[in-house]
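Accompanying notes for the structure given below.
What follows is calculated from the coordinates using simple rules that are stated; it is not laboratory data. Keep in mind that what you see is a predicted model, and the values were worked out from it rather than measured. FYI the Cβ positions are ideal-geometry reconstructions off the backbone, even for glycines, and counts take in every protein chain you see.
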Amino acid sequence: MSRNYVIIGPQGSGKGTQAKILSDKLGIAHVSTGEILRENVKNATEAGKKVEAIINRGDLVPDDLIAELLADRLLADDAVRGFILDGYPRNSAQFEKLRSILEEKGTELDAVIVLDVDENELLDRMELRAKKEGRKDDTPDAVKKRLAIYANETHPIIAKFEEQGNVLRIQAVGEIDEINEEIIRSL
């Protein structure tokens, strides 16, 4: 029996970190749409060439192309036992695509893990990350803009998941291990 999860949260909430830990602990695939795109570009696949051209133009990769790559990724051997989907869906169109992909695969989500973090905490985390990693895209204005996009585009899909009754809300403040233990307990 496979176990399938989605992890959602604003930038800086620890989605990637928690997804990786859960993947290792549960023996399921960590499926990151960002990683899928990077792998396809690196391996110069047909889709990767399209993605690279789109990114080089400064455009966003279309939802249809991401969904196609995601559907292929979920057929990989390591996803047979289950997966934790990180970074997808982010908007209503992607929510519908995911529903369609899962239906075609004949499976469903066991839970949607939503990492909740106060905006001031997120701003502090992003400022620290910008200093540590030298990231220029983590300015307070840029972070606030991404948080507004998250509120406008992702909050509505969280509500759709809540209608299905499989949302676990986690206060993602504290030590990484403590947050992970809370997620595991909730699952």
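Observations
- Fewest-first ranking of Phe161, Phe83, using other Cβ atoms within 10 Å as the exposure measure: Phe161, Phe83
- Computed over the chain, the per-residue total of -39500 (n - 2.57) for DSSP H runs of n ≥ 4 gives a 222 nm mean residue ellipticity of -17000 deg cm²/dmol, rounded to 500.
- Each Lys and Arg Cβ is given +1 and each Asp and Glu Cβ -1; about its Cα centre, the chain then shows a dipole of about 420 debye.
- Size descriptors for the chain: radius of gyration and Dmax over Cα atoms are 16.4, 45 Å.
- Dipole of the chain, positive end: most advanced residue of Ala44, Val61, Gly87 [Cβ charges, Cα centre]: Ala44
- Cβ-based exposure ranking for Asp86, Asp118, in which fewest neighbours within 10 Å come first: Asp118, Asp86
- Theoretical FRET efficiency, 1/(1+(r/R0)^6), r = Cβ-Cβ of Asp110 and Asn152, R0 22 Å, to 0.05: 0.20
- The convex hull defined by the C-alpha atoms of the range 3-74 has an orientation-averaged projected area of 5.5 nm².
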